[in-house]
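Contents: one structure, followed by commentary.
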Amino acid sequence: MEPSIRELVTKAVQEVYGVEVVFAVEQPKDLTHGDYSTNVALILAKLTKVGPTEIAQKLVDLMSTPEVQPPGLAEISVAGIGFINFTLAKEFFSTKVREVISKGDEWGKSSVHAGKHILVEHSSPNLFKPFHIGHVMNNAIGESIDRLAKFSGAEVKTISFPSDISLGLAKAIFILIEKYGEDFKPTDIAILGDAYVEGTKRYEDDESVQSRVKEIADNLYTQNPSPEWTMYERCKSFNIEYFERITARLGSHFDDYIYESQAGVKGKEIVLQNTPAVFTESEGAIVYVPEEDRKDINTAVFINSQGNPTYEAKDIGLLSMKFSGEPLDFSIFITDNQQVPHFQVVLAAAHKIQSEWSEKSIHVHHGRMSFKGQKMSSRLGGVPLAETVIDTVSEEVKEKALRDAQGLRPIDIDAIAIAALKFSILRAAAGKDINFDPETSLSFEGDSGPYLQYSTVRANSILTKSSFSLNTEYLTIKEWQTTEVEKLLIHFPEVVERAIQEWSPHFIVTYLLELAQAFNSWYGNTKIIDDSAESPYKLALTKAFAQTMTNGLTLLGISVPEKM
RNA sequence: GUCCUUGUAGUUCAAUGGAUAGAACAGGAGACUUCUAAGCUCUUGAUGUAGGUUCGAUUCCUACCGGGGACACCA
């Protein structure tokens with residue numbers, strides 16, 4: 001409906017004022033103002049120096065003639081300081097309800113990026129560091145953006161970029177060999193994480209440890225067959241399995257991995273090829289010096305004086321590998337915003353090597369998660385692990401379900417716990433820090449993941465009881481007061497589109513909350529299954545609601561339990 | 001010190017330059033005896049400070065104050 005209203009307004013403006021202006025057609029904040037509204041008169045007022053209400057009235061008069069109006073429009077009116085409000089006919093809503101049901105899982109799907117190829121990189125783990133609550137934040141946002149990309153009509157490939165080689169990793173290997181011997185086989189990620197932490201400490205204040213660790217690092221970088229290399233390979237495959245298990249539990253799947261070790265080799269090669277064209281030598285290292293007018297970025301080392309690629313060069317290698325496959329339209333990557341300055345330098349340098357590397361890259365950055373006010377550092381330990389948090393929350397869910405004397409499937413318990421967790425992350429506009437406190441951040445009541453699930457489950461339960469089918473003739477209802485549920489329902493595709501345009505899942509969250517509230521309020525005051533003539537339509541509306549919720553939750557990476 | 005980013009009820013979060021700044025939690029009150037009470041209804045309460053641009057500023061600009069981050073061989 002939004003496009004045809006836009007067209008109607010554009011034509012009217014053209015006719016009266018003979019100009020083209022940029023204006024908004026949007027859902028008013030207050031539903032009583034109508035289903036759509038435009039600020040075009042306010043914009044024109046500036047141009048023509050005429051009062052906005054006068055302009056609005058002129059346009060409304062012109063648009064109100066039946067010949068020019070698109071079907072489904074019931075009323076156009078001037079309101080407030082000069083807004084033009086559009087109210088839709090109830091037939092429009094009932095037709096839409098039918099459309100929602102027949103489209104099913106495709107309802108709300110956009111075509112803004114139809115035919116395009118998008119690469120999404122997220123959840124990149126540092127092998128040997130356990131997957132902690134901060135990684136869950138990256139995963140939740142990344143997974144949702146991945147799903148939004150798929151819902152945009154594009155062909156999407158999802159990858160992860162594990163950090164599999166570093167000095168820190170050699171420190172962990174050192175501890176493992178010392179403590180457990182060369183034949184150690186990893187069975188628990190915590191042992192590796194502890195080794196990492198211990199290695200970091202030991203390295204700091206012991207020179208003999210330092211030289212031994214560097215020796216190990218050399219063997220790892222050169223893939224030299226040695227006890228530490230064998231140990232490293234065992235640990236690496238164990239870690240990848242661990243990573244896949246935990247991300248699968250969170251609902252993610254990766255098509256491919258690009259390892260930092262590969263990207264490092266590639267990156268070094270590219271940086272050397274582009275020296276001195278792009279990079280310059282300085283103090284034995286190879287650095288990128290930004291342009292004079294780029295005060296916002298710093299000089300950065302790409303290859304250190306030992307000749308090893310740094311993080312910066314690895315990212316150049318990563319870019320080259322991302323773009324070496326089939327042609328890409330966008331390459332989206334998700335990190336926390338601590339890394340923003342780093343990527344500004346990398347992309348500035350990348351632009352000079354291959355301009356599409358920076359032009360087609362989209363860096364989505366989110367805030368960081370602090371834990372009960374404490375900054376988190378996986379090197380120092382003390383950070384809650386993802387699995388521990390999920391398990392703890394799952395226990396609470398289970399207890400609550402028992403109190404309510406309900407049996408829940410284990411898979412549903414997990415789904416509810418994960419919904420609570422993901423919701424606490426996705427509800428906020430990305431970019432802001434989240435202070436995570438399991439006591440207060442994870443709620444099952446009010447604005448929460450479980451609230452959204454519960455509303456959907458309840459609707460589904462009614463549908464099961466009623467044996468609803470789409471064939472029911474529900475469009476013939478006479479007495480019907482359009483509800484807030486329908487009024488919100490029709491805007492789902494616009495919300496999805498905006499979330500895609502801005503790569504911001506939180507628009508979906510905000511919308512689903514509003515929708516669920518509208519439904520729960522309606523549910524509380526209406527009997528849906530009854531003998532009235534409206535009952536089939538009420539069931540259809542319930543179905544359309546459940547479908548919209550399910551589609552929206554899917555975009556957030558949250559699944560809907562069978563019961564709760 | 002330079003640059004980036006952020007500041008909204010007691011708390012956690014919303015609000016493409018527009019209509020009366022919305023929710024939830026916490027606090028207070030209530031309904032139901034009806035399809036799932038993880039629900040519904042009512043209620044108390046907020047834009048860091050000072051200027052500026054605009055018909056109109058939480059939103060844009062400037063300064064200050066308070067968080068967070070980056071500043072060359074870690075990732």
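So for region A:85-96 (the condition being over 30 Å from residue A:146 (Cα atoms) and part of a loop (DSSP other than H, G, I, E, B)), does at least one residue qualify?
Yes, some residue in region A:85-96 is over 30 Å from residue A:146 (Cα atoms) and part of a loop (DSSP other than H, G, I, E, B).
Scanning region A:134-192 for residues that are in contact with a His (Cβ under 8 Å, 6 or more places away or on another chain), away from RNA strand B (no atom under 16 Å from the Cβ) and assigned to a helix (DSSP H, G or I) yields A:139, A:142, A:143, A:146, A:149. With respect to the conditions (1) on the phi > 0 side of the Ramachandran plot; (2) part of a helix (DSSP H, G or I), residue A:108 lacks only one, and its number is (2).
Of the numbered conditions (1) free of Cβ contacts under 8 Å to residues at least 60 places away in the same chain; (2) surrounded by fewer than 17 Cβ atoms within 10 Å (Cβ to Cβ), residue A:70 fails exactly one; give the number of that condition. It fails just one condition, (1). Scanning region A:253-305 for residues that are touching a Leu at 6+ places or on another chain (Cβ under 7 Å) and not in a helix (DSSP H, G or I) yields one hit, A:258.
I'd like to know if region A:456-463 contains one or more residues that are near RNA strand B (Cβ under 9 Å from one of its atoms), in a helix (DSSP H, G or I), out of contact with any Lys or Arg (no Cβ under 7 Å at 6 or more places or on another chain) and modelled with pLDDT under 90. Taking every residue of region A:456-463 in turn, none turns out to be near RNA strand B (Cβ under 9 Å from one of its atoms), in a helix (DSSP H, G or I), out of contact with any Lys or Arg (no Cβ under 7 Å at 6 or more places or on another chain) and modelled with pLDDT under 90.
Please tell me if residue A:102 is outside any strand (DSSP E or B) and surrounded by fewer than 20 Cβ atoms within 10 Å (Cβ to Cβ). Yes.
Residue A:246 passes every criterion in (1) surrounded by fewer than 19 Cβ atoms within 10 Å (Cβ to Cβ); (2) among the aliphatic types (A, V, I, L, M); (3) closer than 19 Å to residue A:131 by Cβ apart from (1).
A single entry from A:233, A:260 fulfils the requirement of being within 11 Å of RNA strand B (Cβ to nearest atom), under 30 Å from residue A:193 (Cβ atoms) and of a type outside the set (Gly, Ala, Ser): A:260.
Scanning region A:169-191 for residues being more than 13 Å from residue A:238 (Cβ to Cβ) and either surrounded by fewer than 19 Cβ atoms within 10 Å (Cβ to Cβ) or among the charged types (D, E, K, R) (or both) gives a total of 8.
Per-residue answers, yes or no, for (1) of a type in the set (Phe, Trp, Tyr); (2) within 13 Å of RNA strand B (Cβ to nearest atom); (3) at pLDDT 90 or above:
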residue: A:30; (1), (2), (3): no, yes, no
residue: A:58; (1), (2), (3): no, no, yes
residue: A:67; (1), (2), (3): no, no, no
residue: A:72; (1), (2), (3): no, no, no
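Evaluate the following for residue A:484: is it modelled with pLDDT under 80, closer than 24 Å to residue A:522 by Cβ and not hydrophobic (A, V, I, L, M, F, W, C)? So residue A:484 fails the test.
The values are calculated or read from the model by the stated rules, or taken from the named source; none is laboratory data. Keep in mind that what you see is a predicted model, and the values were worked out from it rather than measured. For neighbour counting, all protein chains shown are included, and Cβ atoms are generated from backbone atoms with ideal geometry for every residue, glycine included.
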